[in-house]
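This report concerns only the one structure given below.
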Amino acid sequence: MDPGMKSPNGSAAELPTYRVETWGCQMNVLDGQRMAGQLEARGMRRAGDGEEARILLLNTCMVREKAESKVYSALGVIARRKQEDPELVVGVTGCVAQVSGEEMLERAPWVDFVAGTGHVEEIGDLVDRARRERRQALALELPEEDPVYQFREIARDSAFQAYVTVIEGCDQFCTFCVVPFTRGRERCRATDEILSELAHLAATGYTEVTLLGQTVNAYRDPETGSGLGELLRRAARVPGLRRVRFLTSHPRLVDDDLTAAIADGGPIAPYFHLPAQSGADRVLGRMKRRYTAAEYLRTIEGIRRAVPDIAISSDFIVGFPGETEGEFQATLDLVREVRFSNVFGFRYSRRAGTAAARWASDAEIPDEVARERLARLLDLQTALQRETNEGLVGREFEVLVEAEEKGKSRGRTPCNRIVHVEDGPGRVGPGEYVRVRIERGLPNSLIGKLAE
Ligand code: SAM
Ligand code: SF4
Ligand code: F3S
């Protein structure tokens with residue numbers, strides 16, 4: 001029996017416990033579930049809330065400073081635990097591991113292993129080795145070959161919603177972004193592999209899938225070269241799948257075939273996350289986004305012409321080096337014009353290694369200015385969302401129920417809006433699809449009742 005176990009629950013308590021702490025994007029979440037699956041296949045058990053795990057994996061993110069600093073503060077806390085309990089296994093994975101792995105092993109010599117983003121499939125073996133022998137391990141090379149992963153082993157959090165990676169890496173090199181360094185060059189999974197995973201998911205009860213990539217619409221089948229539009233069409237034909245989503249698209253890579261596939265409807269959800277980042281051409285140029293605000297708007301127009309009811313969401317960075325008040329106003333103008341269903345706003349965070357981090361620091365926007373701009377952006381978006389959501393009162397949507405929360409059932413529409421169903425509890429449960437009539441629109445959600 002492993003030392004230090006406290007759980008009294010009979011045989012399950014004999015199993016070594018693990019915890020994966022994930023701090024990043026959807027792809028990082030999926031990577032964490034892939035790691036957990038390998039540990040469970042080796043007979044380990046997820047630690048319960050408040051229970052101390054015997055194997056700890058820190059699955060890190062470094063897209064902004066706040067995410068990166070989490071790992072160092074967590075490591076500080078774990079250092080003390082490890083002193084008292086040298087048998088504890090600690091591994092660091094994810095994007096900070098990829099970029100700062102060597103330095104991390106030096107700074108925290110009691111970390112058992114550091115594995116970069118290309119080594120998710122080896123985590124089970126790395127944990128086994130760390131439990132056998134006390135020697136630090138480092139796995140950081142970024143792979144060049146197309147990714148293949150053991151999709152039958154993944155320990156997913158949901159029994160009906162699943163993430164599926166279709167493309168890894170990013171070739172865009174936006175000047176603010178660290179992802180091309182943490183995830184390497186674009187590599188696509190073979191369409192047949194993806195379809196096998198989707199069929200496996202459908203056969204095991206999953207009905208909603210989200211196809212993932214940092215630039216998911218750069219997807220090309222490695223053999224045939226066919227793109228995301230075709231992949232979505234084929235995914236939509238997998239029996240049993242009722243919703244197919246995809247994240248995140250780059251505006252300059254939206255093509256007619258992708259738009260046409262979404263317009264086909266059926267399981268392909270009418271929701272498009274299309275980060276604009278800014279509404280000012282000079283800022284977009286300095287970000288190296290390679291589109292202008294007018295081009296972005298034309299892309300949106302094309303999508304809406306094909307799918308009039310589609311919900312479009314976006315990410316924006318405020319306080320990018322050199323951003324003037326007038327340029328920030330252009331972002332607000334774009335937000336007013338498009339009427340996004342949702343906006344994720346971020347204060348610019350300087351990331352070592354990126355092009356923007358090398359620019360003169362006098363172009364940096366003071367923190368309080370960036371904070372104030374972010375608040376204005378989010379206030380505007382909240383007001384617009386309230387209007388849009390109030391306009392949905394009286395409409396009926398199919399809602400996939402996800403959970404029960406504060407006496408209501410919570411779920412999502414095909415267009416990814418959150419709905420609280422007042423008379424859901426006791427009548428519908430997680431994983432069910434129900435028709436809901438909307439009675440109220442709030443800024444961040446809709447309230448409705450089951451339709452007869
Ligand atoms: N690949 C996607 C794209 O092209 O938009 C998303 C990448 S990133 C994981 C998600 C969002 O984080 C970005 O859209 C951007 O708004 C934000 N982000 C990335 N780097 C940032 C930085 N240095 N500072 C603030 N926000 C950043
Ligand atoms: Fe980062 Fe730009 Fe790639 Fe998105 S497209 S992951 S923002 S470099
Ligand atoms: Fe973070 Fe890496 Fe995702 S930096 S946002 S976990 S790709």
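The values are calculated or read from the model by the stated rules, or taken from the named source; none is laboratory data. Note that the coordinates shown come from a computational prediction; the quantities given were computed from them, not determined experimentally. With ideal geometry, Cβ positions are generated from the backbone for all residues, glycine too; neighbour counts draw on all protein chains shown. Keep in mind that these areas ignore ligands, DNA and RNA; they rest on the heavy atoms of the full protein, side chains included. Shrake-Rupley method; radii C 1.70, N 1.55, O 1.52, S 1.80 Å.
Scaled to the globular estimate 2.2 N^0.38 Å, the Cα spread of the stretch 13-72, given as radius of gyration, is 1.19.
The residue list Leu105, Thr175, Tyr206 was ranked by how far each Cα lies along the charge dipole of the chain toward its positive end, using unit charges on Cβ atoms, and Tyr206 comes out on top.
Where both residues lie in the chain, what percent of DSSP beta bridges are antiparallel, nearest 5? Kindly include the intermediate steps, with their values, before the conclusion.
Working: 21 of 63 bridges.
Approximately 35 percent, going by the DSSP bridge assignments.
For the chain, what percent of Cα pairs sit more than 42 Å apart? Don't jump to the answer; show the numbers that get you there.
Values: 17736 of 101926 pairs.
I get 17 percent for the Cα pairs in the chain exceeding 42 Å.
Sorted from longest to shortest, the spans of the Cα atoms of the stretch 58-120 along the three principal axes equal 33, 24, 18 Å.
How much FRET efficiency would the formula 1/(1 + (r/R0)^6) give for Glu396 and His200, where r is the Cβ-Cβ distance and R0 is 35 Å, rounded to 0.05?
Numbers: r = 33 Å, r/R0 = 0.93.
Computed FRET efficiency for Glu396 and His200: 0.60.
Per-residue extension of 0.36 nm, minus the Cα-Cα distance of Gln150 and Arg80, leaves a gain of 21.7 nm for this segment.
Over the chain, with the other protein chains present, what is the accessible area per residue in square angstrom, probe 1.4 angstrom? Walk me through the numbers on the way to the answer.
On the way: 19710 Å² over 452 residues.
Counting only protein heavy atoms, the per-residue value for the chain is 44 Å².
Under 15 Å of direct C-alpha separation, and excluding same-chain neighbours fewer than eight residues apart, Lys406 reaches these aspartates and glutamates: Glu422, Asp423.
Count Lys and Arg as plus one, Asp and Glu as minus one, and take only other residues whose Cβ is under 9 Å from that of Thr191; the net charge is then -3.
In the stretch 12-139, the convex hull through the Cα atoms has an average projected area of 7.3 nm², a quarter of its surface area. Think of the chain as a dipole: +1 on every Lys or Arg Cβ, -1 on every Asp or Glu Cβ, centred on the Cα centre; then among Pro86, Gly240, Ala130, Gly240 lies furthest on the positive end. Eigen-decomposition of the gyration tensor built on the alpha-carbon atoms of the stretch 198-246 gives equivalent ellipsoid semi-axes of 20, 12, 9 angstrom, largest listed first. By accessible area, using a 1.4 Å probe on protein heavy atoms only, the chain has 48% of its surface on carbon and sulfur.
Can you figure out the FRET efficiency of Glu122 with Arg237, using R₀ = 51 Å and their beta-carbon distance, to the nearest 0.05? E(calc), rounded to 0.05, equals 0.90.
Relative to its residue count, the stretch 91-146 spans a Cα convex hull of 69 Å³ per residue. For the chain, taking a cut-off of 4.7 Å between Cβ atoms, the unpaired cysteines are Cys25, Cys61, Cys95, Cys170, Cys188, Cys415.
Measuring between their Cα centroids, the stretch 237-264 and the stretch 33-74 lie 31 Å from each other.
More than 18 angstrom separation, counting every C-alpha pair in the stretch 396-450; what % is that? Provide the component values of the computation, followed by the final result.
On the way: 199 of 1485 pairs.
Result for the distance tail: 13 percent.
Within the same chain, lysines fewer than 8 places from Lys66 are excluded, and of the rest, those with a Cα less than 26 Å from its Cα are Lys82, Lys288.
Reachable lysines from Lys408, Cα under 16 Å, same-chain residues fewer than 8 places away excluded? The reachable lysines, counting only those whose Cα sits under 16 Å from Lys408, are Lys449. Across the stretch 151-390 the C-alpha pair distances fall into 10 Å bins from zero in the proportions 7, 29, 33, 22, 8, 0 percent.
Summing Cβ point charges (Lys, Arg +1; Asp, Glu -1) relative to the Cα centre of the chain gives a dipole of roughly 600 debye. Here the stretch 151-390 is assigned +1 on the Cβ of each Lys and Arg and -1 on the Cβ of each Asp and Glu. Its dipole about the Cα centre then comes out at about 280 debye.
Is there a quick way to get the dipole size of the stretch 396-450? I mean about its Cα centre, with the Cβ of Lys and Arg at +1 and of Asp and Glu at -1; what is the value in debye to the nearest 20? Don't jump to the answer; show the numbers that get you there.
On the way: 10 positive and 9 negative charges, 27 e Å.
So the magnitude is around 120 debye.
Mind checking the full-extension length gain between Asp192 and Tyr72? Use 0.36 nm per residue of separation minus the Cα-Cα distance, one decimal, nm. Mind dumping the intermediate values first?
Working: separation 120, 0.36 × 120 = 43.20 nm, distance 4.00 nm.
Once the chain is fully extended between Asp192 and Tyr72, it gains 39.2 nm.
Counting alpha carbon pairs within less than 8 Å and at least 6 residues apart, what relative contact order, in whole percent, applies to the chain? Walk me through the numbers before you get to the answer.
Values: 906 pairs, mean separation 42.5, N = 452.
This gives 9 percent for the chain.
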